[in-house]
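> Sharing a structure, written as structure tokens. Questions coming.
Read the figures in this text as sums done on the coordinates, not as results from a lab. Predicted model only: the values in this text are computed from it and were never measured. Reconstructed Cβ throughout: ideal geometry from the backbone, glycine too, with neighbour counts over all protein chains shown.
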Amino acid sequence: MTSGSTARKNKNQRVVLEKRIAMPEWLSREDRIAAPWIVVEGAAQRGEAFTDLVAHRMQVPVGADETSRCIRAHEMMHAKVSPTHIWVPDDVAYISIETMTVAEEFRINMLVGSAGFPVMQYLADGSEKRTGERLAQNDDWNSLVHMTAATVGTKAFAGLISGVKSVRPEWVATLRELGRQMRKMWREATAHGTDDVASTEPWESGTVGWAFTVEIARFIHRVLINESAEGEVPPDADALKGGTQGVPGKFAPVIEMSVNRPNRVDGRLGRRKRPTNVGRHPRHLDRLLTDPQRRVFDHRRRGQGGVVLIDQSGSMRLTDGDLWRIIEAAPGCVIIGYSHEPRSAGKPNLWVLADRGQVVDEVPTGNGGNGVDGPALHYALRRRKSGEPMLWVCDGHVTDETDDVHSELTEECARIVALNHIHQVPDVESAVKALTKAANGNVLKASAVGPIAQSQAWRSRME
């Protein structure tokens, strides 16, 4: 063999040795059986690598460098522990798919680091600083929060923060605190090992490990701002310290969101004509022949107003269409929505959607939990005029600041409903029917549903 052929052989061997391939078919899980995978080569850049758990397809860099190695480990960890689809439990339905996705990225990054891969030194592609600068220049706070969450625990985090600092240094403290609190939650969850956070044992529509991702997503959501709410600003770093907030067994205080109500309801919607045989100007002489009571006059009366309080938690959603159905039934009513973000402090949790004919353009989304039921009832009662009906649209499940159920709070709300003759209904459809009856002159009696109707305070009041 010549020296030239030997050199070519050694070169070919070196090329083969420098390439690394991922083999996800070797991984085992508790929620699904092993199956063949297709793995293709990709670049060591953000957005290039991916893992498709449904089609069993993976794209990863195959280089021998540490960055490529960390990226392969990241995708292999997805194949090992991530659920096949992003599942948002009903009790956190307010959390977006994007927030759940970046929360899962954090779980994966931390698991990869725990497995011994040097993600803090190598998991970055160099684009993070430019990304931080661009998002800060565009005042895109929520995207920055998501990018921060997706890079916490990796080298990419430092680059991102560096970019933000050069444009919006006032945002850095909150983003850093977000990262610190997420790592603290990780340490607490893995104090006795990573078995639970990495578990693929089935749990409802996800896995046991996915429960940790859900908790991280809850926390990330606290840092986001409502971009449709005028004037809302990113939270201070101090608001995130201590991780979760809220006093168990206690309602959160009302924090009203200022909303614009540019729409004006046509007054004719609130006027109703009724035939009568008393009046000054006969308008329907044909009734002399067709109506035994000869009601040739019209009596106009404005439709009743009233106050409608609506629970907008994850289980009780309100659409723009729902809002206008209520307004058509009672054009002059006050409509108030409420929903408290669990364990949050200082975030608005109540808003007036309609105020005597002035209506919002768009219904704000709820914050996920109830949390402020009792104080919201008192707030609504203060807006009620003498003789007006008051409806409470709620399934009867009331919760504290941490969105947990306490019998004492249920009893408190039951007393408010009974003593103030509030008409509680479980949904918008029932509210529209009740308001229609009220507009026709029927009196809406005090009523309760769900746990409120089963409470001791309600039963003793009605006996």
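> Looking at this model, which pairs from 250/437; 80/155; 155/347; 19/184; 250/433 are more than 30 angstrom apart at the alpha-carbon?
Pairs exceeding the cut-off: 250/437; 155/347; 19/184; 250/433.
> Given H placed on each backbone N at 1.01 Å, which residues far from residue 422 in sequence or on other chains put an amide H within less than 5 Å of it?
Here the answer is 447, since their amide H atoms fall under 5 Å of that of residue 422.
> Compute the length gained on full extension between residue 445 and residue 166: take 0.36 nm times their separation in residues and subtract their Cα-Cα distance, giving the result in nm to one decimal.
Going from the current span to full extension adds 94.3 nm.
> OK, next. Give me a comma-separated list of calculated 3J(HN,Hα) values for region 433-440, in order, Karplus coefficients 6.51, -1.76, 1.60 applied at θ = phi - 60°, integers in Hz, x for any Gly or Pro.
Listing the rounded values in order: 4, 5, 5, 5, 5, 4, 5, 8 Hz.
> Oh, and also: Rounded, prolate or oblate: which fits region 327-385, taking a ≥ b ≥ c as square roots of the Cα gyration tensor eigenvalues, rounded meaning a/c under 1.5, else prolate when a/b beats b/c?
Numbers: a/c = 2.77, a/b = 1.61, b/c = 1.71.
Verdict is oblate for region 327-385.
> Right, another one. Rounded to the nearest 5, what % of DSSP beta bridges with both residues in region 12-239 are antiparallel?
Of those bridges, close to 55 percent are antiparallel.
> A further question follows. What is region 12-239 by shape, rounded, prolate or oblate, if you read a ≥ b ≥ c off the alpha carbon gyration tensor as root eigenvalues and call it rounded for a/c under 1.5, prolate for a/b larger than b/c, and oblate otherwise?
oblate
> Could you check the simple spin-label distance between residue 361 and residue 291, using points 7 Å along Cα→Cβ, in nm with one decimal?
Calculated label separation equals 4.4 nm.
> OK, next. Given the -39500 (n - 2.57) contribution per DSSP H run of 4+ residues, what per-residue ellipticity at 222 nm results for the chain, rounded to the nearest 500 deg cm²/dmol?
-12000 deg cm²/dmol
> Same structure, new question: What whole number of Å gives the distance from the Cα centroid of region 79-158 to the Cα centroid of region 337-360?
Region 337-360 and region 79-158 have Cα centres separated by 30 Å.
> Continuing with this model, one more query. Kirkwood Rh, Cα Rg: Rg to Rh for region 292-405?
Taking Rh as the inverse mean 1/r over Cα pairs, Rg/Rh reads 1.10.
> Taking each pair of different alpha-carbon atoms in region 40-164 once, compute 1/r for the pair, average those values, and report the inverse of that mean as the Kirkwood hydrodynamic radius in Å to one decimal. Could the numbers behind the result be given before it?
Numbers: mean 1/r = 0.0661 Å⁻¹.
The answer is 15.1 Å.
> Nearest-5 percent of antiparallel DSSP beta bridges in the chain?
Around 55 percent of the beta bridges assigned by DSSP in the chain are antiparallel ones.
> For the chain, how big is Rg over Rh, using alpha carbon atoms and the Kirkwood form of Rh?
Numbers: Rg = 29.7 Å, Rh = 26.0 Å.
Reported Rg/Rh (Cα atoms, Kirkwood Rh): 1.14.
> Could you check the simple spin-label distance between residue 55 and residue 30, using points 7 Å along Cα→Cβ, in nm with one decimal?
In this crude label model, residue 55 to residue 30 measures out at 3.0 nm.
> A further question on this structure: Find the relative contact order for the chain and round it to a whole percent, using C-alpha pairs within less than 8 Å whose residues are 6+ positions apart.
So the answer I get is 11 percent.
> Run the numbers on region 79-188 and let me know its relative contact order in percent, using alpha-carbon pairs under 8 Å that are six or more apart.
Working: 113 pairs, mean separation 29.5, N = 110.
Reported relative contact order: 27 percent.
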